[in-house]
Amino acid sequence: MTEALVLLSMFVMIGIGVPIALSIMASALIGVWLLNGSLGFLNAALSVFDGATKFPLIAIPLFVLAGALMNTGGISTRLIAFVSALVGFVRGGLAMVNVGVSLFFAEISGSAVADVAATGSVLIPAMKKKGYKPRFAAALTSSTASLAIIIPPSIPMILYGALSGTSIVQLFVAGIIPGLLGAILLMAMCYYFAVRYNLPREEGFDLCRLWHATREASWAMILPVVILGGIFGGFVTATEGAALAVITALFIGVFIYREIDLPKLYHALVDGVVQTSIVMLLVATSAVLGLYLTETEMPQKLAASITDLTTNKLAVLMIINIFLLLVGMVLHGAAAIILTVPIFMPLVNQLGIDPVQFGILLTLNIALGQQTPPVASVLVTACSIAKTDVWATTRTNLPFIAVLVLVLLLVTYVPAISLTLVNLFY
Amino acid sequence: MRSFVRPLDVFLQVVTLTILIALAIVVLMGIAFRYSGNSLIWYDEVAAVLLAWITFFGAALAMNRDAHMGFNGLLYALPLKGRLALFAIVECIVFAVLAITVWAGWHILELFGDDTMTSVRWMPRAVVQGVLPVAAVLMMLARGLSMPERLSFVREGRDPEAREIEEEIARARAELATKEDLK
């Protein structure tokens, strides 16, 4: 009973506008004080520090650093040109480019809002100029940006992996097929709309242009090869892969493209550090809440009460999906992961659900949560670039949301979609 | 992101970026030495501590920019009186949590005595963990000094998320405009 009140106090504080990390800390402090008095506070100070020393999470600031180097070093613009030369000739080409570009830019700066602002400011006005409806442009940009978080490297996956003790490398591998599947389905959806509304081609297919763009982007494309090859090949951990990405991006930016813009890089780095710390403070304070939850065995009690109801894996996964969807409507992605993982993990383990599959399911739910108002920062950003109404855009977004839901259901009910590659390699 | 207290912001920028660069170098050294056959024994522990330092100093930086994740839907849906009342309650909770963190963070330092890091024997544990109370004090400072400005936002009813989105878009547009000029 007390545990429920402690958790309730946290949600009340979040609801009235206390920053989420401090709401978590406040309720955890109340909890440990009830258990152990002021000695509990000392324990809390120890765990909040320890919570911030999780080694796998070092990958987050390093990927953010690599992203800042890519964006300011001319790597990103070449990747966009390459995608454009590759798929721009199809009907509705610009929409396809939008999907393709988003795959490369998955949460690269650590802030979904900043990424959508960066890619959306280029693509949405271009789409409007070519006769795409603003609402369509906003909805597509928003949905593809969210799909991108299940394609590695993905910050929500790093968070989930570190919190649940699941291999981050395996999560990255598991995200590939669902991510590509989602991208193909979104592109198919775009093609359908392109034919129906007679949307334009970007330009004719030009082998010469494609060759030129490929040659220009070939250095840029080394980057994913280095990161993913190193990580998947087992040469380096996810964290070290991130460090390799930093040094590769720095090398390409300084010696090959020679475009690194120092003031812009500094700015991007500071923003990246802020974004990293916001997420990390949530992780650190949730360690204190974890301390309290462990002492009271609340997650185990919750697991028991749900397994009393049903032990059918699929039914439980459905309950969790619906719960996460509701949480995603009112909480930002990282906060949703940090709050739900410690509570659900005992249940997932007890039922024998594969933690890698569960991680992909969780990440897809986070992606969906970014599309569901009222709290949907990615969608809201895309809408304000396109100058469209959030709720009207959500109606246009429904087919794209349906694609995300379809991928989620496939991942939930067909474990092979996320696990085949993992089983093949590991 | 706008910063409220400029000198504090610049100080924290320098501190956090220095630690970030140090962290990248440590991890790269860790890989290099492992492949050359002499793994560094201090690599994991030092890297993890650097991450914690970025976390807490960066959290103070984020506080100075009012950038911490939060839900403001209810607060900004209320009429003026309600907004002000809720604002006061929220500030009290924030300061209480930070004050307890400072107190507890400071008292555990005494418990460490002459303890050092496991792999770096000259580094006292009290210095390593002392970052927590120091950062919490900086957070209180940032929160306190930015209060008048944040209060005026609450009065006007401009919520931080809308402000962040406006600023990010304005910045992306400005960058595009400079690129066009260069062409």
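Yes/no per residue for (1) more than 8 Å from chain A (Cβ to nearest Cβ); (2) more than 21 Å from the chain's Cα centre (by Cα):
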| site | (1), (2) |
| --- | --- |
| B:A88 | yes, yes |
| B:C92 | yes, no |
| B:A96 | no, no |
| B:I108 | no, yes |
| B:F112 | yes, yes |
| B:G130 | yes, no |
| B:V137 | yes, no |
| B:M140 | yes, no |
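I'd like the full set of residues that are part of a helix (DSSP H, G or I), in contact (Cβ under 8 Å) with a residue 60 or more places away in the chain and either of a type in the set (A, V, I, L, M, F, W, C) or surrounded by fewer than 23 Cβ atoms within 10 Å (Cβ to Cβ) (or both), limited to the range A:228-247. Can you show your working first?
Step one: of the range A:228-247, the residues part of a helix (DSSP H, G or I) are A:228-232, A:238-247.
Going one step further and asking which of them are in contact (Cβ under 8 Å) with a residue 60 or more places away in the chain, we end up with A:228, A:231-232, A:238-239, A:241-243, A:245-246.
Across the range A:228-247, the qualifying residues are A:L228, A:I231, A:F232, A:A238, A:A242, A:A243, A:A245, A:V246.
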The range A:262-277, residues that are open to solvent by 10 Å² or more (accessible area, probe 1.4 Å), among the hydrophobic types (A, V, I, L, M, F, W, C) and facing chain B (nearest Cβ under 9 Å): A:L269
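Take the residues of the range B:40-72 that are small (G, A, S) and without any contact (Cβ under 8 Å) to a residue 40 or more places away in the chain: which is farthest from A:P373 (Cα to Cα)? Before the answer, list the steps.
First pass over the range B:40-72, keeping only residues small (G, A, S): B:47-48, B:52, B:58-60, B:62, B:67, B:70.
Pick out the ones that are also without any contact (Cβ under 8 Å) to a residue 40 or more places away in the chain and you get B:47-48, B:62.
Working: B:A47: 38, B:A48: 37, B:A62: 25 Å.
So the residue we want is B:A47.
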Mind checking which residues of the range A:248-261 are hydrophobic (A, V, I, L, M, F, W, C), touching a residue at least 40 places away in the same chain (Cβ under 8 Å) and either open to solvent by 10 Å² or more (accessible area, probe 1.4 Å) or facing chain B (nearest Cβ under 7 Å) (or both)? A:L250, A:V254, A:I260
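Out of curiosity, is A:Q300 part of a helix (DSSP H, G or I), touching a Gly at 6+ places or on another chain (Cβ under 7 Å) and farther than 30 Å from A:L410 by Cβ?
Details: part of a helix (DSSP H, G or I): yes; touching a Gly at 6+ places or on another chain (Cβ under 7 Å): no; farther than 30 Å from A:L410 by Cβ: yes.
No, not satisfied.
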Check whether at least one residue in the range B:135-142 is in contact (Cβ under 8 Å) with a residue 60 or more places away in the chain, open to solvent by less than 30 Å² (accessible area, probe 1.4 Å), of a type outside the set (V, I, T) and not in a helix (DSSP H, G or I), and report yes or no. no
The helices (runs of 4 or more DSSP H) lying entirely within the range A:344-426 that contain at least 3 residues which are touching a Gly at 6+ places or on another chain (Cβ under 9 Å) and closer than 30 Å to B:E164 by Cα are A:355-369, A:377-386
Of all residues making up the range A:288-305, the number that are within 13 Å of A:G31 (Cα to Cα), hydrophobic (A, V, I, L, M, F, W, C) and crowded, with 21+ Cβ neighbours inside 10 Å: 4
Take the range A:91-104 and flag every residue that is more than 24 Å from the chain's Cα centre (by Cα) and open to solvent by 40 Å² or more (accessible area, probe 1.4 Å). A:R91
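Would you confirm, using the coordinates I've provided, whether A:L65 is part of a helix (DSSP H, G or I), open to solvent by less than 40 Å² (accessible area, probe 1.4 Å) and facing chain B (nearest Cβ under 8 Å)?
Details: part of a helix (DSSP H, G or I): yes; open to solvent by less than 40 Å² (accessible area, probe 1.4 Å): yes; facing chain B (nearest Cβ under 8 Å): yes.
Taking the combined requirement at face value, the residue satisfies it.
Sort through A:L163, A:L140, A:L171 and tell me the only one that's touching a residue at least 12 places away in the same chain (Cβ under 8 Å) and within 28 Å of A:R395 (Cα to Cα).
Checking each option against the conditions leaves just A:L140.
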Answer yes or no: is there a residue in the range B:33-43 that is assigned to a helix (DSSP H, G or I) and at the interface with chain A (Cβ under 7 Å from one of its Cβ atoms). no
Checked A:A81, A:A138, A:A112, A:A126 against criteria (farther than 27 Å from A:S418 by Cα, buried (at least 23 other Cβ atoms within 10 Å of the Cβ) and either within 14 Å of another protein chain (Cβ to nearest Cβ) or touching a Lys or Arg at 6+ places or on another chain (Cβ under 7 Å) (or both)); the one match is A:A138
Does A:L223 count as farther than 21 Å from B:A24 by Cα, of a type in the set (A, V, I, L, M, F, W, C) and surrounded by 14 or more Cβ atoms within 10 Å (Cβ to Cβ)? no
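If a residue has to be among the small types (G, A, S) and closer than 17 Å to A:L421 by Cβ to count, how many in the range A:206-229 make the cut?
Of the range A:206-229, the ones among the small types (G, A, S) are A:213, A:217-218, A:220, A:229.
Now narrow it down to the ones that are closer than 17 Å to A:L421 by Cβ: A:229.
Here the count works out to 1.
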For the list (1) more than 8 Å from chain A (Cβ to nearest Cβ); (2) within 29 Å of A:G234 (Cα to Cα); (3) part of a helix (DSSP H, G or I); (4) open to solvent by 50 Å² or more (accessible area, probe 1.4 Å), I need the number of the one condition that B:V10 fails. (2)
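The values are calculated or read from the model by the stated rules, or taken from the named source; none is laboratory data. These numbers come from a predicted model, not from an experiment. Cβ sites come from the backbone with ideal geometry, for glycine too, and all protein chains shown count toward neighbours. Only protein heavy atoms, including side chains, enter the accessible area calculation; ligands, DNA and RNA are left aside. Shrake-Rupley method; radii C 1.70, N 1.55, O 1.52, S 1.80 Å.
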